[in-house]
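Derivation of every value follows stated rules applied to the coordinates shown; laboratory data play no part. Owing to the predicted nature of the structure, the values given are computational and were not obtained by experimental measurement. In this analysis, Cβ positions are derived from the backbone assuming ideal geometry, glycine residues included, and neighbour counts consider all displayed protein chains.
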Amino acid sequence: MKLKQKLSIFLFVFAMTFCMPLAMPQAYECQAQVTKKDIKSYTNQPYKIINNNIPAFTETEKQNTTAFETYSDLDSLGRCGVAYANICKELMPTSPREDIFIIHPSGWRSGMKWERCHLIGFQLAGENANEKNLITGTHYFNESGMLPFENLVADYVRKTDHHVLYRVTPVYLSKNLVASGVQMEAYSVEDNGKGICFNVFVYNVKPGYKIDYLAGGVTKGNKRISQYIINGTYTKTFDAATVKKKKQSFKIGCKAPGKITYGISSGSQKIFVSRNGKITVKKGTKPGTYKVKVLIYAKGTDFYKPKKIRKTIKVIVQRASDSGDHTSPTPAPSYTPSQPSVSPTDPNTNVTPSTTRYILNTNTKKFHYPDCRGVSQMNEWNKLPSSASREDIIAQGYSPCGICKP
């Protein structure tokens with residue numbers, strides 16, 4: 001199956017014997033060629049051809065034979081941006097891969113069998129634990145989607161000693177922490193795209209599983225899992241003198257995947273609750289404690305079931321003389337999906353020979369003892385020394401070597 005898949009990719013890439021010049025956007029713009037329709041059109045193929053397979057490099061870029069590599073800064077949510085390089089032998093690694101388990105990309109959650117996926121593969125630019133070059137992805141996305149294209153570029157450069165413009169753009173919907181996929185563009189410079197020329201969108205999916213791209217959850221099958229609602233602000237205190245002159249408001253601020261609506265079910269008529277969770281105390285409300293019961297409904301998503309909860313909202317209107325502390329309560333917490341802390345087995349320093357427990361083969365997904373004869377037969381760019389525990393490595397999708405049986 002893998003051979004057939006690689007062959008199909010090889011044929012469509014090399015069938016594109018030249019690329020027609022187009023008016024292209026600047027190199028670092030997030031390409032608008034990938035649409036929501038493209039992202040949602042996954043049909044059991046790991047990638048989709050974009051723009052008739054023509055990459056969006058400018059004519060000036062396509063004349064560049066200078067080696068370079070650039071990585072975008074992480075955004076406010078800690079997500080990677082565009083990775084762009086002119087791949088050549090000068091950039092390729094000259095030493096084995098190092099451990100990258102210290103990096104936790106956006107959306108990473110333990111126990112989900114995620115992989116740390118390079119935007120620009122290690123065999124192309126030699127980047128190890130670069131947080132600007134690693135995203136959270138599935139094994140299928142990494143091995144069946146991205147790797148065949150990386151191999152095409154790597155084999156071409158090694159054979160011809162030419163340059164290949166290579167840009168990978170992770171695509172996120174809204175505030176999702178896990179990318180829906182990546183747009184991969186490549187163009188061989190010296191032969192004007194005759195050797196390498198492609199523009200594809202690779203899906204970050206796992207066949208037979210559902211992915212919560214917002215927070216990083218993965219579940220088997222098509223059943224939705226239980227919804228959760230993060231608590232908001234349920235108690236608020238106002239100064240009676242202020243309420244006497246003007247109505248006062250605050251937001252409940254609960255958080256959950258998908259849309260939330262609010263509705264009052266019972267309680268004081270001095271308090272009004274809007275559908276978006278805004279609580280309003282009527283002007284002129286006298287000092288006292290007022291309570292209402294609010295129905296909070298989280299609609300859910302394709303990944304999470306709908307959920308309803310009822311909470312009592314308490315509003316206190318008091319005179320200044322009743323309390324010497326009028327500090328407003330802590331505002332509602334903003335939703336930040338939990339990120340796993342570094343496990344005790346994760347190294348805090350670069351791997352050295354004295355700390356290496358195993359050698360991972362990133363191509364075959366096998367792991368070995370360092371002195372296993374299988375290690376000497378690996379390509380250098382597929383070797384990954386690791387100090388992680390056996391359990392952690394298996395959780396990453398690797399299986400023990402049948403020779404040394406680690």
Could you grab the relative contact order for region 36-220? Cα pairs under 8 Å, six or more apart, rounded to a whole percent.
26
Stokes-Einstein D for region 122-179 at 25 °C, 0.890 mPa s, Kirkwood Rh over Cα pairs, in µm²/s?
186
May I have the extent of the alpha carbons of region 358-400 along their three principal axes, as whole Å values ordered from largest to smallest?
24, 19, 14
Whole-Hz couplings from phi, Karplus 6.51/-1.76/1.60, listed for region 78-85; x for Gly and Pro
x, 9, 6, x, 5, 10, 9, 8
What spacing in nm lies between the two simple spin-label points modelled at GLU90 and GLN45, each 7 Å away from Cα in the Cβ direction?
3.7
Whole-Å semi-axes of the ellipsoid equivalent to region 199-323 (Cα gyration tensor, √5λ, descending):
41, 14, 11
Viscosity 0.890 mPa s, temperature 25 °C, Stokes-Einstein D of region 36-220 from Kirkwood C-alpha radius, µm²/s:
147
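For region 22-132, report the translational diffusion coefficient in µm²/s to the nearest whole number, using Stokes-Einstein at 37 °C, 0.692 mPa s, and a Kirkwood Rh over Cα pairs.
198
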Using amide H atoms built 1.01 Å from N in the peptide plane, name the residues 5+ places from VAL82, or on other chains, whose amide H lies under 5 Å from its own.
SER72
What order, most packed first, do the peptides 386-399, 183-196, 63-76 have when packing is the mean number of other Cβ atoms within 10 Å of each residue?
183-196, 386-399, 63-76
For region 55-67, in order, what is each residue's ³J(HN,Hα) by Karplus, 6.51 cos²θ - 1.76 cosθ + 1.60 with θ = phi - 60°, in whole Hz (x at glycine and Pro)?
x, 9, 7, 6, 4, 5, 4, 6, 9, 7, 10, 9, 5
Can you list the aspartates and glutamates whose alpha carbon is less than 13 Å from that of LYS305, not counting same-chain residues fewer than 8 positions off?
ASP212
Please give every one of the aspartates and glutamates within straight-line cross-link reach of LYS270, meaning a C-alpha to C-alpha distance under 20 Å, and leave out same-chain neighbours fewer than 8 residues apart.
ASP239
Any lysines with Cα under 24 Å of the LYS307 Cα? List them, leaving off those in the same chain fewer than 8 positions away.
LYS175, LYS210, LYS220, LYS223, LYS251, LYS255, LYS259, LYS278, LYS291, LYS293, LYS299
What per residue convex hull volume, in Å³, comes out for region 77-117 when only alpha-carbon positions are used?
105
Just to check I understand the Karplus step: with θ = phi - 60° and J = 6.51 cos²θ - 1.76 cosθ + 1.60, what whole-Hz values come out for region 186-191, glycine and proline as x?
8, 7, 7, 6, 4, 10
Below 8 Å, C-alpha to C-alpha, sequence gap of six or more: please give me the relative contact order for region 358-400 in percent.
48
